[in-house]
Amino acid sequence: GGATVRRADALARRQASAITTVSGDALERRNITTVAQLLNGAVPGMWMWDGAPSALLGQYGSVRGAASFGVSHPKVYLDGVELANPLLFTQLDAGLLERVDVIKGPHGSARYGADAASGVIHLVSRHGAPEEGVRATMQSAMGWTHSAFGPSTAVQEHTLGARIGDSFRSAGIALRGATSGNYVPNAYTRELQAMANGRLIAAATAVTATARLQHTIAGVPVNPLLGDDRVARGIDPRALSMYGVGATVSRTSGDDLPYTFTAGMDGYRLPNVTGGAKGFTPAECGGWRINLN
């Protein structure tokens, strides 16, 4: 009732100075396609390098307003589940997000732990249906890229989505495929991404669930100006696989604040990671994380 609303409003006012929220409508108006573009234009004091499609790992240029090439990264959550590698969240399609909440600085440490001193980024996927029934969407974009170091190649992106239900009960799925060509030697990408989610809202209980799967193949580009012999030798591409599943149950009882329970798993595998003295030594990284909150 009214007491719950007043307590929630008071909590929101206390956190308002620490949280920056970007809504899905703002994302559409600004024609944002990558998460890096979202942070650069909407969150003061935080920006990322908007790298090439073949650059799978995100890089922060500034966090908490301190410009640094070795800056630490914030913790990243998708629908309440922490990502196993916070530098891979830029691979998510920004068009699938309902909103993004960013907590800068140490304000999130009380809730998210001491390792959240650099901030927290919480991505919330789209759940609600705009109107009762079934809605399907399809979008395609295609162009060409050309440089003095490679032939003209196609760049294309296709998305397909379907959602059923209303604002209280809904379920949906979104599929995305994209390719880019060799504007410089080996700078190609091939990507497939799928996300499914659902939401159920009752009188005092809300349940949301999300599952996602992504596979990306990216070449290891070479600088044609350096005369490196890697073009002749060939470099194995990087094949990034990401997966995650999670669910959140929120319940309000009487005048108390809502109780929330989140459970999920997130993981990834990324072979042929570049590193070493010259930056060309192949390695492999991967991992998974289980969340219970």
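The values are calculated or read from the model by the stated rules, or taken from the named source; none is laboratory data. These figures come from a predicted structure and were not determined experimentally. With ideal geometry, Cβ positions are generated from the backbone for all residues, glycine too; neighbour counts draw on all protein chains shown. Just so you know, the surface numbers come from the protein's heavy atoms only, side chains and all, with ligands and any DNA or RNA stripped out. Shrake-Rupley method; radii C 1.70, N 1.55, O 1.52, S 1.80 Å.
Scanning region 171-202 for residues that are over 22 Å from the mean Cα position of the chain (by Cα) and in a strand (DSSP E or B) turns up Leu200, Ile201.
Going residue by residue through region 136-150, is there one that turns out to be touching a residue at least 12 places away in the same chain (Cβ under 8 Å), in a helix (DSSP H, G or I) and open to solvent by 60 Å² or more (accessible area, probe 1.4 Å)? Within region 136-150, not a single residue is touching a residue at least 12 places away in the same chain (Cβ under 8 Å), in a helix (DSSP H, G or I) and open to solvent by 60 Å² or more (accessible area, probe 1.4 Å). The single condition among (1) over 28 Å from Ser125 (Cα atoms); (2) modelled with pLDDT under 70; (3) in a loop (DSSP other than H, G, I, E, B) that Asn272 does not meet is (3).
Residues of region 182-202 being in contact with a His (Cβ under 9 Å, 6 or more places away or on another chain) and of a type outside the set (D, E, K, R), which ones? Break it down into steps so the answer makes sense when it comes.
Keep residues of region 182-202 that are in contact with a His (Cβ under 9 Å, 6 or more places away or on another chain), which gives 183, 190-193, 197-199.
Within region 182-202, Tyr183, Leu192, Gln193, Asn197, Gly198 qualify.
Could you please let me know if Thr281 is part of a loop (DSSP other than H, G, I, E, B) and either within 29 Å of His127 (Cα to Cα) or modelled with pLDDT under 90 (or both)? Taking the combined requirement at face value, the residue satisfies it.
Of the residues making up region 158-177, those that are in contact (Cβ under 8 Å) with a residue 24 or more places away in the chain and open to solvent by less than 80 Å² (accessible area, probe 1.4 Å) are Thr159, Gly161, Ala162, Arg163, Gly165, Asp166, Ser167, Ser170, Ala171, Gly172, Ala174, Arg176. So for region 143-150 (the condition being within 24 Å of the chain's Cα centre (by Cα) and of a type in the set (Gly, Ala, Ser)), does at least one residue qualify? Among the residues of region 143-150, not one is within 24 Å of the chain's Cα centre (by Cα) and of a type in the set (Gly, Ala, Ser), which makes the answer no. All conditions in (1) at pLDDT 80 or above; (2) surrounded by 14 or more Cβ atoms within 10 Å (Cβ to Cβ) hold for Val222, with the sole exception of (1). Take the conditions (1) over 16 Å from the mean Cα position of the chain (by Cα); (2) within 20 Å of Ala36 (Cβ to Cβ); (3) in contact (Cβ under 8 Å) with a residue 40 or more places away in the chain; Ile121 misses just one of them, which is (1). Return yes when Gly161 is under 25 Å from Met48 (Cα atoms) and assigned to a strand (DSSP E or B) and no when it is not. Answer is no for this residue.
Report whether or not Gln214 is part of a strand (DSSP E or B), out of contact with any Gly (no Cβ under 6 Å at 6 or more places or on another chain) and within 17 Å of Leu56 (Cβ to Cβ).
Working: part of a strand (DSSP E or B): yes; out of contact with any Gly (no Cβ under 6 Å at 6 or more places or on another chain): yes; within 17 Å of Leu56 (Cβ to Cβ): yes.
So Gln214 passes the test.
With at pLDDT below 90, out of contact with any helix residue (DSSP H, G or I) (no Cβ under 6 Å at 6 or more places or on another chain) and of a type in the set (A, V, I, L, M) as the only criterion, which of Ala187, Ala196, Ala162, Ala171 stands out? It is Ala187.
Within region 88-115, residues that are under 30 Å from Ser241 (Cβ atoms) have Cβ atoms under 7 Å from residues that are open to solvent by less than 30 Å² (accessible area, probe 1.4 Å) and of a type in the set (S, T, N, Q) in these pairs: Gln91/Gln214; Gln91/Thr216; Asp93/Gln193; Leu96/Ser125; Leu97/Ser125; Glu98/Ser125, counting only partners at least 6 apart in sequence or on another chain.
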